[in-house]
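Worksheet: the structure to be examined is printed underneath.
Each value in this text was obtained by applying a stated rule to the coordinates, not by laboratory testing. As the structure is a computational prediction, the values presented were derived from the model and not from experiment. Heads up, the Cβs are rebuilt from the backbone with ideal geometry, glycines too, and the neighbour counts pull from every protein chain shown.
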Amino acid sequence: MPRECAFCTHVGPLSNEHIFAKWVRDLLSGPADAFYIGGASNRNERFATGAIDWKAKVVCSPCNNTWMSEIEEVHAKPVLTPLVTGSEIDVPIAQAMARSIAIYAFKTAVVQDHAGRRLEPFFSARLRHAFKATHSIPGNVRIWICGIKQKLPNVQVLTAYYTGQISPTYPWTMYVSTFEIGHFVMQIVAVKQFGQIGFRPLAGYENIGIPVWPGIPADATWPGRYVLDGNSGQFLGFAKRWERVQPLPPE
């Protein structure tokens, strides 16, 4: 059955979009190992790819070779290179830098959602098409970044979908995608709900994740005071911190 491009109305053959572009793979040292965990089933099945050359047929060639390629070259590569390699510390996170990270993170999260799901995409076509046109990020999206000590595998991805309800008439659905690339971790969280209630994740990582979207703290610097320990299960703990949430009290 023909599939529609994740970012436009094209229906038909789709191109192989790399989850991580060649410039990212070229930055990573050691064996090219990657683990992808979870997906639409939420069974958290973990499997190794044996290589980071992972592709998904979810976008058309015009999207892949134009504006998506521009995101990699203009927004992602110049900003993320020192973060992925860990070659710089105490890097001020300016608003322009935060926006570039957010644009790359949201693009990657949409591709990952389409690659792993068998049901309807989490983000509506209207929002995905608007992102193509203006790089606008939906208002229900929050993005954090943090550092991680170098370890192997040097790429990990955990994607999960959670559901719950605050009351019988207030259900919610959450999409969480967390990516580790070398020394760099980004986490994208989006919630579908009828109101505007905020959520608090499991305690324990409040001082590690640096919020970069929709706003950044004053004087935020990379990688922050605390980073994830690459020799433990902290990446999984950070990725799964949204398994149980609490609604925030009204302001």
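Below are the figures for this structure:
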{"quantity": "Inter-site label distance for K149 and L248 at 7 Å from Cα along Cβ, in nm", "calculated": "3.2"}
{"quantity": "Gain upon complete extension [D219, N140; 0.36 nm per residue less C-alpha separation]", "calculated": "26.0 nm"}
{"quantity": "Nonlocal amide H pairs with V212, under 5 Å, H built at 1.01 Å", "calculated": "I143, W144, I145"}
{"quantity": "Residues A96 and Y226, FRET efficiency given R0 of 30 Å [Cβ-Cβ distance, rounded to 0.05]", "calculated": "0.75"}
{"quantity": "Whichever lysines have a C-alpha closer than 23 Å to that of K77, once near sequence neighbours (fewer than 8 apart) are set aside", "calculated": "K22, K55, K57, K107, K132, K149, K151"}
{"quantity": "Value of relative contact order over the chain, rounded to a whole percent, pairs C-alpha under 8 Å and six or more apart", "calculated": "22"}
{"quantity": "Distant-in-sequence amide H partners of L228 (H built 1.01 Å from N, under 5 Å)", "calculated": "G147, I148, K149"}
{"quantity": "Sites T163 and T9, calculated FRET efficiency, Cβ-Cβ separation with R0 25 Å, nearest 0.05", "calculated": "0.30"}
{"quantity": "Distance from segment 173-196 to segment 59-129 (C-alpha centre basis), Å", "calculated": "13"}
{"quantity": "Net dipole in debye of the chain [+1 Lys, Arg Cβ; -1 Asp, Glu Cβ; about Cα centre; nearest 20]", "calculated": "580"}
